[in-house]
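Trainee: This is the structure I want to talk about, given as structure tokens.
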Amino acid sequence: MGEDKPWWFGLLGGLALAFYGVVATWQTSNFARVYTTYGGIFIVMSILWSMKFDNYSPDKYDIVGTLIALLGVCIIYCALRN
């Protein structure tokens, strides 16, 4: 196994990922907008996770790309519609 972790780490990770995918389908709001929000949060959390656990230092392109993704989430989710 990677990094000498027990097999059940992989199992827990797989279950968490499956649960993450299912939770979005439980939303009563517009599914596409909710799923877009999940995507934006996923991008931010991926960068933060890699910084915390992989000692990754995001460069300006990582930061700008993340901000653009979050701006897109805001436009899609919060736009005034008729």
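Trainee: Once you have the Cα-Cα distance between TRP8 and ASP59, take 0.36 nm times their residue separation minus that, and quote the gain in nm to one decimal.
Mentor: Difference between extended and current length: 15.0 nm.
Trainee: Okay, next question. Divide by every residue of the chain the summed helix terms, -39500 (n - 2.57) for each DSSP H run of at least 4, and state the resulting mean residue ellipticity at 222 nm, rounded to the nearest 500 deg cm²/dmol.
Mentor: Working: 3 runs with 59 residues, N = 82.
Result for the chain, helices only: -24500 deg cm²/dmol.
Trainee: Quick one: what are the phi-derived ³J(HN,Hα) couplings along region 46-52, Karplus 6.51/-1.76/1.60 with θ = phi - 60°, whole Hz, x for glycine and proline?
Mentor: 5, 5, 4, 4, 5, 5, 6
Trainee: With P(r) over Cα pairs in 10 Å bins from 0, in percent in mind, check [x] 15, 34, 33, 15, 2, 0; [y] 20, 58, 20, 2; [z] 13, 24, 28, 27, 8, 0 and report the label derived from this structure.
Mentor: Derived directly from the coordinates: [x].
Trainee: Can you give me the Cα centroid spacing of region 38-82 and region 8-37 in angstrom?
Mentor: 17
Trainee: Now for a separate question. Mind checking the per residue accessible area of the chain for me, 1.4 Å probe, whole number of Å²? Walk me through the numbers on the way to the answer.
Mentor: Numbers: 6740 Å² over 82 residues.
About 82 Å² of surface per residue is accessible.
Trainee: First measure r as the distance between the Cβ atoms of TYR20 and LEU80, then evaluate 1/(1 + (r/R0)^6) with R0 = 30 Å and state the FRET efficiency to the nearest 0.05. Working shown, then result.
Mentor: Working: r = 29 Å, r/R0 = 0.98.
After rounding to 0.05, the efficiency reads 0.55.
The values are calculated or read from the model by the stated rules, or taken from the named source; none is laboratory data. Note that the structure is predicted; figures quoted are calculated from it, not measured. Note that we place each Cβ from the backbone using ideal geometry, even for glycine, and neighbour counts take in every protein chain shown. Ligands, DNA and RNA are excluded from the accessible area calculation, which covers all protein heavy atoms including side chains. Shrake-Rupley method; radii C 1.70, N 1.55, O 1.52, S 1.80 Å.
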